[in-house]
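The numbers here are math on the coordinates, done by the rules we state, and not lab data. Everything numeric here is computed off the predicted structure, so don't read it as measured data. Here the Cβ positions follow ideal geometry from the backbone for every residue, glycine too, while neighbour counts run over all protein chains shown.
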Amino acid sequence: MTCQPPPRPGLPPSTWEATRRTVLKAMGTAAAAIGVAPMVTACSDHRTRAVATTVDLTLKINGTEHELTVEPRVTLLDALRERLGLTGTKKGCDRGECGACTVLADDRRIKSCLTLAVMQENTAITTVEGLASGPDLHPVQAAFIRRDAFQCGGCTPGQVVSAVACIEESHTGSADEIREWMSGNLCRCACYANIVAAVQDAAQEMRR
């Protein structure tokens, strides 16, 4: 059984479908003119405003203040690497999983890929470049070299910075404790045994 549209008084059946198409076409044209075009324009304007918006901020990195103008969405990691040229902090997973981007914020470990640069104003940021004292390596850096605690080096800056905090936090009572508190830093080359040994060596030296 085929459903037929109800008869329309005053119109022959042959014109019913043509009339319906005409009405639908007119409705579509009106919707495009009234609703869709303003919406697209509004979205385009919104995107333009979002791209054009910037923020002026001052970041204190390794004891030096840097004035930057960035978009609010710029991460601390990208500000360090792309704006300030501090490429020691590595971009690994860019999702906060590997720890290669670890830096210290007021001596506290953070993943710089997961924090916005604008959130770290008035915070003392320390990167791997700021650990050494002139030509003298930080005890953790020296221990990593002595213990051969790296291979490709991709994770090493984050491992070193995290190890500094681990020692300062007094989480070096045993090898298991070091593994637990360094577990947020992954090493794809699996140098974990050497990393633990380097942290133990540096902890002993820093206690002297």
For region 52-130, what mean projected area does the convex hull of the alpha carbons give, in nm²?
4.7
Karplus-derived 3J(HN,Hα), 6.51/-1.76/1.60, for each residue of region 122-136, Hz, glycine and proline x:
6, 10, 7, 9, 10, 9, 4, 5, x, 7, 6, 10, x, x, 8
Between Thr87 and Thr64, what is the label-to-label distance in nm when each label sits 7 Å out along the Cα-to-Cβ direction?
1.7
Report the gain in length on full extension from Glu177 to Glu121: 0.36 nm times residue separation, minus Cα-Cα distance, nm rounded to one decimal.
16.9 nm
